[in-house]
Amino acid sequence: MTRRVHPLFILMATLTHLRSLVIPIAVLLFNDLKNDGFGFYTMIGVAVVSLVILLFGIVSWYFYTFTIDEQSIRVNKGVFRKSERTTQRQRIESIGINQNVLERLLGLATLTVETSSDSGKPEVELKGVRLDFAKQLKSTIGTGTTQPVLEQEAGETYTVSLTDLLFAGALSGRLGLALVGVGAVYQFVNRFIEQYISQVFNELLHLSLLLLLVIGGAVLFLIYVGSILVFVLRYGSFRATLNKRRMTIGYGLVNRTEVVFHQDKVQALVIEENWIKRRFKRAHLSLHIISASGEEEKLLLHPFIRVADIDHFLKRFLPRFKQLTPEKRAVDRGFFYIVRWPLLSYASLLTVLNGALIYWLPESIRYLGLILFLFLPLYYILARSGYKNTRYGYQNDLFVLRKELVNRETIYAPRLKIEAFSSQVSRFLEEKDILKFQITLRGSSVFQAGYFTQAEFVEVLGWYQQTFLKPIPPSAGTDRSDGEYVEET
């Protein structure tokens with residue numbers, strides 16, 4: 001049966017397009033306000049643009065139809081350029097329900113369905129459907145029938161407390177991203193408040209060095225707190241359920257995301273431990289799936305888990321995965337080629353920053369930024385220590401690749417999910433008999449680490465290429481979990 005999305009899609013589409021025009025409209029109205037008030041032609045122009053967008057939303061809604069039967073999902077949309085997309089239900093990898101702020105206010109949702117295609121976008125995307133109807137469709141699609149299935153009590157459920165989310169946000173190391181965001185906002189509003197910023201800056205130049213440091217520290221602290229709040233808003237109300245090998249992960253206090261997938265669809269498990277979290281023996285777990293979120297293939301599994309609890313957690317929710325201790329470590333002569341570009345980038349950044357400080361700050365404190373160059377030898381020491389933990393290993397059909405400089409990232413990938421196993425090497429490094437490992441998973445996930453020797457690559461390539469029915473060679477890693485692993489056939 002062919003249906004249309006909910007009529008509230010018209011309002012949602014209109015508001016979405018108007019939101020994209022907020023900046024030019026605001027600039028136009030602000031310029032009129034600085035003169036003698038809003039101009040008559042300006043108001044007429046804004047009204048006409050709004051009316052055209054509303055009419056376009058009505059026409060878009062009329063041509064936005066979909067059909068779901070037992071074999072396929074078909075979506076038709078487009079006004080000037082019509083498109084029709086048909087997806088076979090048996091190819092579905094994951095199903096998602098997303099709600100931004102506007103959709104939550106209107107009681108709508110966006111249903112996304114992803115297959116193993118490499119398009120980088122959801123195979124099916126239904127915008128502007130009722131939330132309860134989206135959940136019904138999710139249940140229908142996931143069971144391979146057109147009849148909705150009643151939700152059953154989940155066999156396994158876990159949530160992440162607000163305390164853990166706050167700690168995860170505090171230790172996530174996102175202060176740099178927050179500073180970039182503040183800089184982007186400043187670039188936008190600077191044209192409107194430039195004269196006030198100049199006055200404040202001139203006043204600050206007359207303050208003492210101690211007071212400037214206090215003010216700078218306070219500003220950084222506020223930005224740091226803001227980055228924590230953003231993390232909590234993004235992952236708040238985190239909940240994961242497992243029912244008959246079907247996982248549902250949902251999170252978000254403002255924009256709500258819910259993704260459903262089968263355990264067998266997981267492409268890789270990633271355990272991330274930044275330098276700070278390792279001090280608290282905590283880790284961040286994420287999954288690589290062919291995501292129906294429409295954004296990325298990396299899906300949060302747990303933001304702040306104790307390292308000692310990972311084995312028990314995986315046994316409950318992802319028994320196909322288990323921790324291994326990889327024994328084959330990267331060769332020492334490859335460290336220089338790993339660290340050279342980061343060191344050069346940091347040195348260039350610090351040079352530019354100090355040049356700006358010397359130009360703008362008073363003579364008494366203009367060379368204060370030179371202290372930052374002490375960061376370079378500190379980074380070298382930490383990276384040197386971390387590189388010794390760059391390793392790989394495999395056991396039965398599970399491959400593990402760990403890369404570390406300052407932060408540590410450990411990737412666990414089942415052999416059946418690895419689309420390609422390759423090496424990256426220049427002619428110069430080939431003469432030194434070192435190369436990088438690279439694994440490519442279904443979808444677009446790519447992981448690489450190095451440097452290892454050519455002989456080690458040939459060994460792993462032999463493991464990867466062997467017939468799955470043949471006996472498995474001895475492990476290159478030591479199992480850290482209890483119990484014997486049984487390979488599926």
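The values are calculated or read from the model by the stated rules, or taken from the named source; none is laboratory data. None of these values were measured; they are calculated from a predicted model. Methodologically, a virtual Cβ is constructed for each residue, glycine included, from the backbone with ideal geometry; neighbour enumeration extends over all protein chains shown.
Regarding VAL400, is this residue among the β-branched types (Val, Ile, Thr) and either surrounded by 15 or more Cβ atoms within 10 Å (Cβ to Cβ) or modelled with pLDDT under 90 (or both)? Full working, then the answer.
On the way: among the β-branched types (Val, Ile, Thr): yes; either surrounded by 15 or more Cβ atoms within 10 Å (Cβ to Cβ) or modelled with pLDDT under 90 (or both): yes.
Here the answer is yes, as VAL400 does meet what is asked.
Pairs needed: first member in the stretch 213-229, closer than 12 Å to LEU166 by Cβ; second member anywhere, among the charged types (D, E, K, R); C-beta distance under 7 Å; at least 6 residues apart or different chains.
Close Cβ pairs satisfying both conditions: SER227/ARG174.
Hey, could you check the stretch 28-58 for residues that are surrounded by 13 or more Cβ atoms within 10 Å (Cβ to Cβ) and β-branched (Val, Ile, Thr) and say which is modelled with the highest pLDDT?
So the first thing to find is which residues in the stretch 28-58 are surrounded by 13 or more Cβ atoms within 10 Å (Cβ to Cβ), and the list is 28-29, 32, 38-39, 42, 45-46, 49-50, 53-54, 56-58.
Among the residues that remain, those that are also β-branched (Val, Ile, Thr) are: 42, 46, 49, 53, 58.
Numbers: THR42: 70, VAL46: 76, VAL49: 83, ILE53: 86, ILE58: 90.
Here the residue is ILE58.
Hey, PHE313 hits all of (1) in a helix (DSSP H, G or I); (2) at pLDDT below 90 but one; which does it fall short on?
The number of the failed condition is (2).
Report yes if some residue within the stretch 460-467 is at pLDDT below 85, out of contact with any strand residue (DSSP E or B) (no Cβ under 6 Å at 6 or more places or on another chain) and part of a loop (DSSP other than H, G, I, E, B); otherwise report no.
Scanning the stretch 460-467 turns up at least one residue that is at pLDDT below 85, out of contact with any strand residue (DSSP E or B) (no Cβ under 6 Å at 6 or more places or on another chain) and part of a loop (DSSP other than H, G, I, E, B).
Quick check, is ALA330 in contact with a Phe, Trp or Tyr (Cβ under 6 Å, 6 or more places away or on another chain) and of a type in the set (Gly, Ala, Ser)?
So ALA330 fits the description; yes.
With respect to ARG256, is the statement that it is crowded, with 18+ Cβ neighbours inside 10 Å and either within 16 Å of the chain's Cα centre (by Cα) or without any contact (Cβ under 8 Å) to a residue 24 or more places away in the chain (or both) true?
Details: crowded, with 18+ Cβ neighbours inside 10 Å: yes; either within 16 Å of the chain's Cα centre (by Cα) or without any contact (Cβ under 8 Å) to a residue 24 or more places away in the chain (or both): yes.
In short, yes.
Considering the stretch 88-105 alone, what residues qualify as being over 22 Å from the mean Cα position of the chain (by Cα) and either modelled with pLDDT under 80 or of a type in the set (Phe, Trp, Tyr) (or both)?
Listed by number, the residues that qualify are GLN88, ARG89, GLN90, ARG91.
Would the stretch 228-243 turn up any residue that is modelled with pLDDT under 90, part of a loop (DSSP other than H, G, I, E, B) and closer than 19 Å to THR112 by Cβ?
no
Out of (1) of a type outside the set (Phe, Trp, Tyr); (2) farther than 25 Å from PHE447 by Cβ; (3) under 21 Å from the mean Cα position of the chain (by Cα), the odd one out for ILE305 is which?
(2)
If I filter the stretch 43-66 for residues that are touching a strand residue (DSSP E or B) at 6+ places or on another chain (Cβ under 8 Å) and β-branched (Val, Ile, Thr), do I get at least one hit? Talk me through it step by step, then tell me what you get.
Keep residues of the stretch 43-66 that are touching a strand residue (DSSP E or B) at 6+ places or on another chain (Cβ under 8 Å), which gives 60-66.
Among the residues that remain, those that are also β-branched (Val, Ile, Thr) are: 65.
Checked the stretch 43-66: at least one residue is touching a strand residue (DSSP E or B) at 6+ places or on another chain (Cβ under 8 Å) and β-branched (Val, Ile, Thr).
Quick one: what pairs do we get from the stretch 385-408, first residue free of Cβ contacts under 8 Å to residues at least 40 places away in the same chain, second in a strand (DSSP E or B), C-beta under 8 Å, 6+ apart or different chains?
GLY386/GLU404; GLY386/ARG408
Considering only residues that are at pLDDT 50 or above and of a type in the set (A, V, I, L, M), which ones fall in the stretch 149-168?
Correct list: VAL160, LEU162, LEU165, LEU166, ALA168.
Being aliphatic (A, V, I, L, M) and surrounded by 13 or more Cβ atoms within 10 Å (Cβ to Cβ) is the filter here; which residues of the stretch 417-445 pass it?
ILE418, VAL425, LEU429, ILE434, LEU435, ILE439, LEU441
Give just the number: which of (1) in a helix (DSSP H, G or I); (2) touching an Asp or Glu at 6+ places or on another chain (Cβ under 6 Å) does ILE290 not satisfy?
Unmet condition: (1).
Report yes if LEU370 is under 30 Å from LYS281 (Cβ atoms), over 24 Å from the mean Cα position of the chain (by Cα) and aliphatic (A, V, I, L, M), otherwise no.
Working: under 30 Å from LYS281 (Cβ atoms): no; over 24 Å from the mean Cα position of the chain (by Cα): yes; aliphatic (A, V, I, L, M): yes.
Answer is no for this residue.
Out of (1) touching a helix residue (DSSP H, G or I) at 6+ places or on another chain (Cβ under 7 Å); (2) under 23 Å from ARG408 (Cβ atoms), the odd one out for LYS432 is which?
(2)
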